[in-house]
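Scroll down for the structure; my scribbles are underneath it.
The values are calculated or read from the model by the stated rules, or taken from the named source; none is laboratory data. Since the model is a prediction, treat every value here as computed from it, not as a measurement. Don't worry about glycine lacking a Cβ; one is built from the backbone with ideal geometry, like all the others, and counts go over all protein chains shown.
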Amino acid sequence: MSKQVLINLFIGFLWMFLQDDWSVLTFAVGYLFGLLVLFILRRFFNDKFYIFTINAIINLTLIFMYELFVSAILVMRKILARRIDIKPGIIAMETSLESDLEVTLLALLVTLTPGSVVMEVSEDNNILYTHIMDIPELSFAVNKSKVRFEKAIKKVTRP
């Protein structure tokens, strides 16, 4: 991906130099021309087209923000109730992610959502031991979030 970005920046600067116009608009036109060239030549690169990866990163970020908002509402509803009736516990969540980067990213995203904390990852990276604030209500939401995060992480990290 970084190779493609550098080639695209090079094409943008080359376009600007060949046009003999040192403006941002000329660079932007050259950059867009470089995107077109790289899109046409994408089959010659080992990685997928970097705009697709950037789109997947933006999608993962939006999914995280949505899950953060929903879980924050659930936790606030539990905390602001007249009588706090929670049953905390630890669950083992299996994951289909393989690399250390993918598992670490999943653990961070699950930990950053309110109401859940990944305490430990098994040695084979297949199980995340997660503490959940309220097992009966939040365990379903955490598992649903995990499935959505896994799908989005795979789109970002895998070709």
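Kindly provide the set of residues from the range 88-137 that are out of contact with any strand residue (DSSP E or B) (no Cβ under 7 Å at 6 or more places or on another chain), without any contact (Cβ under 8 Å) to a residue 24 or more places away in the chain and either under 23 Å from T61 (Cα atoms) or not in a loop (DSSP other than H, G, I, E, B) (or both), ordered by number.
T104, L108
May I ask you to say which residue of I54, I40 is assigned by TED's automatic domain parsing to the domain that holds M133 and out of contact with any Phe, Trp or Tyr (no Cβ under 9 Å at 6 or more places or on another chain)?
So the residue among I54, I40 that is assigned by TED's automatic domain parsing to the domain that holds M133 and out of contact with any Phe, Trp or Tyr (no Cβ under 9 Å at 6 or more places or on another chain) is I54.
Would you please name the residue that is modelled with the lowest pLDDT, looking only at residues in the range 22-52 that are surrounded by 13 or more Cβ atoms within 10 Å (Cβ to Cβ) and in a loop (DSSP other than H, G, I, E, B)?
D47
Which residue out of R83, R77 is surrounded by fewer than 16 Cβ atoms within 10 Å (Cβ to Cβ), outside any loop (DSSP other than H, G, I, E, B), in the same structural domain as V142 (by TED's automatic domain parsing) and modelled with pLDDT under 90?
R77
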